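A short write-up of the structure that comes next.
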Amino acid sequence: MEKEEIFEDLFRAIIDLDESKGREAANLIIEEKLDPLEGIGKGLSKGMEVIGERFEKLEIYLPELIMAGDVFNAAMEILEPEILARGKSVAKKGTIVIGTAKGDIHEIGKDIVAMLLKTAGFEVYNLGKDVPTPTFLQEAERAKADIIGVSALLTTTLLGQKDLIDLLKETGKRSRYIVMVGGGPTSQDWADKIGADGHGRTAKEAVSVALKLISKRRERRND
Ligand code: B12
């Protein structure tokens, strides 16, 4: 089977809400030694975009959204060990705590960011979803983190990202942590507006921004 056909099958599995097809295509990616990240980008994430558009147009409803998430997670269970194995021998780059903002239960994208950061050499503390603002700070203190990452997929939970920055300022800890934000309704403009240090549109971008911010901070400390 051609590589593009396998990615197309992953995409179809999401939009057809077909978990066994998703598992089958994910297994083929492993068997054929294809790049699992390419499979996520060209298959799974692309499928989720279409699902989101259909939901918005009221062509599908919440149960289908939930099923699409299940197909995504089933395929990821197969791809994740391979992704982590490929990134094994990387030197430690820093520590990050990451979670989804209070009131928001979307976590597929945040989990991909967490996984890619791991493969890039970060120690990652994944706080999960619906995380209260003070918990981000508590866990960052406990982990002696360099970066705090906040994901938000709902326009109503975006403010959780700003709340964290406000809390860091109030507690005199703003300069202690690098803050990164991401998720559908976020943008570089939004990050600038609330005073976040970095924004990532995709998990790949999240990793390159995190690496850049960490090395900038180290350079500054060595000045
Ligand atoms: C799957 C899904 C769900 C699943 C989530 C399952 C799960 N375990 O995560 C379920 C069914 C639970 C769900 C529920 C709801 N959903 Co929903 N959901 C989606 C959907 C279809 C896909 C999201 C997804 O997983 N995308 C795939 C991943 C890979 O992409 P991503 O999340 O964008 O993440 C990437 C980047 O954003 C970035 N990133 C993400 N986080 C971070 C963090 C940092 C720090 C950085 C740097 C980068 C970064 O990197 C990721 C990987 O590349 C979207 C549509 C869409 N287009 O986003 C709607 C969507 C987000 N949902 C929506 C809505 C309205 C809801 C509900 C309110 C529906 C309802 N009536 O109940 C509830 C909300 C419940 C709640 N309190 O949170 C709307 C939000 C509209 C808005 N702007 O406010 C969307 C946009 C659908 C739509 N078009 O209307 N949903």
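Odds and ends about this structure:
- Those residues of segment 183-204 which are open to solvent by less than 60 Å² (accessible area, probe 1.4 Å) and either modelled with pLDDT of 95 or more or over 14 Å from G149 (Cα atoms) (or both), in sequence order: G183, P185, T186, S187, W190, A191, I194, G195, A196, G198, H199, G200
- Among the residues of segment 170-182, those identified as under 16 Å from I147 (Cβ atoms) and of a type outside the set (S, T, Y) are K173, R174, R176, I178, V179, M180, V181, G182.
- Lone unmet requirement of (1) within 19 Å of G121 (Cα to Cα); (2) within 17 Å of the chain's Cα centre (by Cα) for I214: (2)
- Pairs where the first residue, in segment 43-64, is small (G, A, S) and the second is open to solvent by less than 80 Å² (accessible area, probe 1.4 Å), C-beta under 6 Å, 6+ apart: G43/F7; G43/L10; G43/F11; G47/F11; G47/I14; G47/I15
Residue-by-condition table, conditions (1) within 12 Å of the ligand (Cβ to nearest atom); (2) assigned to a loop (DSSP other than H, G, I, E, B); (3) at pLDDT below 95; (4) not aromatic (F, W, Y):
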site	(1), (2), (3), (4)
S20	no, no, no, yes
R23	no, no, no, yes
L28	no, no, no, yes
E38	no, no, yes, yes
K42	no, no, yes, yes
S45	yes, no, yes, yes
E49	yes, no, yes, yes
E53	yes, no, yes, yes
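- Filtered residues of segment 104-141 (kept if of a type in the set (F, W, Y) and at pLDDT 95 or above): Y125, F136
- Test for E64: is it open to solvent by less than 70 Å² (accessible area, probe 1.4 Å) and over 29 Å from S215 (Cα atoms): yes
- Among (1) buried (at least 23 other Cβ atoms within 10 Å of the Cβ); (2) within 9 Å of the ligand (Cβ to nearest atom); (3) among the small types (G, A, S) - the single one A101 does not satisfy: (2)
The values are calculated or read from the model by the stated rules, or taken from the named source; none is laboratory data. These figures come from a predicted structure and were not determined experimentally. All Cβ positions, glycine included, derive from the backbone under ideal geometry; neighbour counts span all protein chains shown. Calculation scope for accessible area: heavy atoms of the full protein, side chains included, ligands and nucleic acids excluded. Shrake-Rupley method; radii C 1.70, N 1.55, O 1.52, S 1.80 Å.
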